[in-house]
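Each remark here refers to the structure printed beneath this line.
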Amino acid sequence: MDQNSSPGAIDGISEPCFSFGVISDIQYADLEDGYNFVGTRMRYYRYSLHHLQGAIEEWNEESNHLFFVLQLGDIIDGFNAQYKVSEESLQNVLKEFEKLKAPVHHTWGNHEFYNFSRDYLRNSKLNTKFLGDQIAHCPETTPSENYYTYHFVPFPKFRFILLDAYDLSVLGMDQSSPKYQDCMKMLKEKNPNKELNNPQGLSEPRFVQYNGGFSQDQLDWFNAVLTFSDTNQEKVVVVGHVPIHPDASDDTCLAWNYRDALSIIWSHKCVVCFLAGHSHDGGYCIDTHGVHHITLEGVIETPPESQAFGTVHVYPDKMVLKGRGRVPDRIMYYKKD
Ligand SMILES: Nc1ccn([C@@H]2O[C@H](COP(=O)(O)OP(=O)(O)OC[C@H](O)CO)[C@@H](O)[C@H]2O)c(=O)n1
C-alpha cells in the first residue's frame, strides 16, 4: 500500500471503525548481531530497539483511530538472562513503549520465560490484564489466575482475546509442580532427543521445549468467551505468541495442541482472525472455516534498513493490515454468516 494513501482509499470508505498496531519478537539485548541457533538467520539484538522506536514514532503520527498496540511476545531475548541483565533490558524496552500515545497489550512468549518466572511476570508491567473487560453475569468468562489470558472490547461488537500459549509448558514453571511434571513427561514422550529444543527426527516437530500449549481449563474458558461472542454477534480476534495453523507457520513453531485451539475456534462463527508471532519468517493463511491466520515477521531478524510492524485498520466487513518493511499488506474479508 502506498505509505501516504489513507487505508479507506482501498474501497472508498473514508474511515475505519478503529485501528491497532502489531509488533512481535523484538527480542532486544545489548549484544552484537549473531546468527540463530541453526545458523540460517541473522539476529539484530541491539538494533531491535531502534526498530521499536521507529514503529512507535510512526504509530504516534497515525490518525486518532489507533486505539491500542498488540505486542505479540518475546519482548527481550533469553541472552539477557545469561548476562543477568533481564530487568535492565526490559526497562529499556518498556521506556520506549511509554512514549506510545495508545495503550499496549503484552503477550508472553518463550523468551519472557527464559528471563522471568511466571510469578515475576504476573507482578510486572508485562501483565496488562487490567486492560481486560468483564462480562457481567457470565462468571465462566472470567479468566483464572493460573494462566495469562483476558479479553477486551475496544469498539462495540469487536472482541480481542489474548491466549496463553505457555500454559502447558516446561518454561517458567515451578519444577516441583504436578503441572510441570506432566508437561515434561508429555514432551519427553513426544521428543526423545537429548536436547529438548531439538526437533530433528520428530514426526511432530512442534514438540520442542521452546513451544507450549493450552490447558483444558484455558480451552474451556476460551470456549465460554466465544459462546458469549457468538450470542452477542461479535467479531473476535484471537491473539497468542505461538501460531496454531500449520499453513501460517514453520512446523517447528506450532503450539503443541494447536488442533484443540483450532477445533474450538471452528465450533464458533465469531472468530475472524488469529494473530501470532514466534515463527520469525512470518506467515499467513485463510483456513477452511474462513479464519485468517497471521504470523507476524519478527523484529529480531529484521535488518536495520527494513522494518517489521503493522497497523490493522478495522472496518465493518474486513480488516486491512498495512505492513511496514518485512510485513506485507493484507486485506482480510470476514467470512459470510
Ligand atoms: N534446533 C534448536 C533450536 C533452538 N535451540 C535453543 O532453543 C532456545 C530457543 O531458541 P530460539 O531460536 O532462541 O527461539 P525463538 O523463540 O527466538 O525462535 C523460535 C524459532 O526458532 C524461530 O523461527 C535457544 O536457547 C536455542 O539455542 C536449540 O537448542 N536447538
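Since every read-out is calculated from the coordinates, none of them should be taken as a lab result. Everything numeric in this text was worked out from a predicted model, so none of it was measured. Neighbour counts run over all protein chains shown; Cβ positions are idealised from the backbone, glycine included.
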Could you list, in sequence order, all residues of the stretch 300-319 that are aliphatic (A, V, I, L, M) and farther than 19 Å from R159 by Cβ?
I300, A308
Would you point out the residue of the stretch 32-52, among those that are assigned to a loop (DSSP other than H, G, I, E, B) and of a type in the set (S, T, N, Q), that is farthest from the ligand (Cβ to nearest atom)?
T40
Please determine, by comparing only the residues of the stretch 83-127 that are aliphatic (A, V, I, L, M) and within 20 Å of the chain's Cα centre (by Cα), which one is farthest from L66 (Cα to Cα).
L121
Out of the residues in the stretch 251-288 that are under 15 Å from the mean Cα position of the chain (by Cα) and either away from the ligand (no atom under 16 Å from the Cβ) or free of Cβ contacts under 8 Å to residues at least 24 places away in the same chain (or both), which is farthest from G21 (Cα to Cα)?
A261
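Just the residues that are among the hydroxyl-bearing types (S, T, Y) and either under 20 Å from S279 (Cα atoms) or assigned to a loop (DSSP other than H, G, I, E, B) (or both), please, taken from the stretch 198-232.
The initial filter retains those residues of the stretch 198-232 that are among the hydroxyl-bearing types (S, T, Y), namely 203, 210, 215, 227, 229, 231.
The answer is S203, Y210, S215.
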Those residues that are of a type outside the set (D, E), within 13 Å of the ligand (Cβ to nearest atom) and exposed (fewer than 12 other Cβ atoms within 10 Å of the Cβ), I need them from the stretch 176-229; list them, please.
K194, Q200, G201
For the stretch 61-105, which residues satisfy the criterion of being within 16 Å of the ligand (Cβ to nearest atom) and either crowded, with 23+ Cβ neighbours inside 10 Å or among the polar types (S, T, N, Q) (or both)?
Q71, L72, G73, D74, I75, I76, D77, N80, Q82, S86, S89
For the list (1) closer than 23 Å to V237 by Cα; (2) surrounded by fewer than 24 Cβ atoms within 10 Å (Cβ to Cβ); (3) touching a strand residue (DSSP E or B) at 6+ places or on another chain (Cβ under 9 Å), I need the number of the one condition that I26 fails.
(2)
Every residue in the stretch 305-325 that is closer than 22 Å to H111 by Cα and part of a loop (DSSP other than H, G, I, E, B), please.
Q307
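Give the residues of the stretch 17-31 that are within 16 Å of the ligand (Cβ to nearest atom) and assigned to a loop (DSSP other than H, G, I, E, B), sorted by residue number.
Hits for the stretch 17-31 are S24, D25, I26, Q27, A29, L31.
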Every residue in the stretch 247-261 that is hydroxyl-bearing (S, T, Y) and assigned to a loop (DSSP other than H, G, I, E, B), please.
S249, T252
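For the stretch 321-337, give me the residue count where each residue is under 20 Å from C17 (Cα atoms) and among the small types (G, A, S).
Residues in the stretch 321-337 being under 20 Å from C17 (Cα atoms) and among the small types (G, A, S): 1 in total.
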Among the residues of the stretch 59-80, which ones are in a helix (DSSP H, G or I) and either touching a helix residue (DSSP H, G or I) at 6+ places or on another chain (Cβ under 7 Å) or on the phi > 0 side of the Ramachandran plot (or both)?
N80
Residue satisfying all of: in the stretch 267-287; under 25 Å from F228 (Cβ atoms) and among the charged types (D, E, K, R); surrounded by the most Cβ atoms within 10 Å (Cβ to Cβ) among these
D287
Which number in (1) surrounded by fewer than 22 Cβ atoms within 10 Å (Cβ to Cβ); (2) within 16 Å of the ligand (Cβ to nearest atom) marks the one condition that N232 misses?
(2)
